[in-house]
1. How much of the accessible area of region 288-339, probe 1.4 Å, is carbon plus sulfur, in whole percent?
2. At 1.4 Å probe size, put 23, 317 in order of accessible surface, largest to smallest.
3. What per residue convex hull volume, in Å³, comes out for region 218-339 when only alpha-carbon positions are used?
4. Heavy atoms only, probe 1.4 Å: what % of the accessible area of region 37-112 goes to carbon and sulfur, would you let me know?
5. With runs of 4+ DSSP H residues as the only contributors, calculate the mean residue ellipticity of the chain at 222 nm using -39,500 (n - 2.57) per run, divided by the residue total and rounded to the nearest 500.
6. Note down the Stokes-Einstein diffusion coefficient of region 157-258 in µm²/s, whole number, using a Kirkwood radius over alpha carbon pairs, 25 °C, and 0.890 mPa s.
7. Give me the distance between the Cα centres of region 153-174 and region 1-64, rounded to whole Å.
8. Once you order the gyration tensor axes a ≥ b ≥ c over the Cα atoms, which shape class does region 109-228 get: rounded for a/c under 1.5, otherwise prolate or oblate by comparing a/b with b/c?
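The values are calculated or read from the model by the stated rules, or taken from the named source; none is laboratory data. This is a predicted model, so every value here is computed, not measured. Note that each Cβ is placed from the backbone with ideal geometry, even for glycine, and that neighbours are counted across all protein chains shown. Heavy atoms of the whole protein, side chains included, go into the accessibility calculation; ligands, DNA and RNA do not. Shrake-Rupley method; radii C 1.70, N 1.55, O 1.52, S 1.80 Å.
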Amino acid sequence: MEEIDWKNLSFGYMRTDYNVRCYYRNGQWGKLEICSEETINLHMAAVCLHYGQEAFEGLKAYRGKDGKIRVFRPEENAARLQSTCRGILMPEVPTEMFVDAVKMVVKANERFIPPYESGATLYIRPLLIGISPQVGVHPSTDYMFVIFVTPVGPYFKGGFATNPYVIIRDYDRSAPLGTGIYKVGGNYAASLKANSIAHELGYSCEFYLDAKEKKYMDECGAANFFGIKNNTYVTPKSTSILPSITNKSLMQLAEDLGMKVERRQIPEEELATFEEAGACGTAAVISPISKIDDLETKQSFVISKDGKPGPICTKLYNMLRGIQYGDEPDIHHWVTFVE
Ligand SMILES: Cc1ncc(COP(=O)(O)O)c(C=O)c1O
């Protein structure tokens, strides 16, 4: 068996031993099947390939200091996938089936769960695709649900640090009444160009304003946004952003810390008033923001004066990671053990 260099993993794909699959045919879900084949055999006219009837999720399994394997809030990913299913007319994956499949795929690939000390994790990727062959634009009749896993490196290799972000007004990732609230591949295709421009310019990630008025902060790449000021956690209320499970958890932890939590529109100018700000998501938990530049207006909102993560971002980051790894008590019952 090959040795894995846990310390040098990137956010890439590494082959693991098994994936878990399940088919929806004749109006019902079949049984979960464990599979060692990495590829899927798909009809060239499958609906997912042409009309984007596909959804995915992303979550992680963590190995604790106690050796136990924890998965963070899988029921929330199941609920979000169900919401996506309703949004693009796919059959819902029941929560129990989703969580069973997560546990099954993690257990089957136990040898790929990175050790506690490495800071690396096992990324879990559920995928749901419409597989019926057809050329007319209408929902598929048959579906395939698959979950695979792959070990990924820690987001902060050199320690928890701030990053610069850039507002790009020339592109929208999703429309106010579009699919931004769902986790469908099309949103990510729509973000590739702006993301590549941001990277070429040396920014960590692109930021979107609301598509209609171009006034309010929406989200950044594949993460939600939050700002901190006056002991308040402020995060955008928008019909075009993905409801982040990390953000939902951070809002709860901010409340636990005695902070006020506000979900409302955040005008771009308000960036100048934040004491701290961050991008949040499964990948990094929190990626603290050093500054946000507006490519068109040339305004630069410096958030971190000394370039370091602020005390509240640091505290929230440590609290959430502590729960995920089992270093802190799981007071909200967010953790599912894989035994
Ligand atoms: C567009 C987008 N926003 C936000 C998030 C963060 O969501 P979560 O915290 O559930 O990972 C993600 C990542 O899944 C994303 O792709």
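1. Looking at region 288-339 in its full context, I get 54 percent from C and S.
2. Largest to smallest exposure gives the sequence 23, 317.
3. Measuring per residue, one finds 117 Å³ for the Cα hull of region 218-339.
4. 52
5. Value at 222 nm, helices only, nearest 500: -6500 deg cm²/dmol.
6. Stokes-Einstein gives a translational diffusion coefficient of 169 µm²/s.
7. Computed from Cα coordinates, the inter-centre distance equals 26 Å.
8. Oblate.
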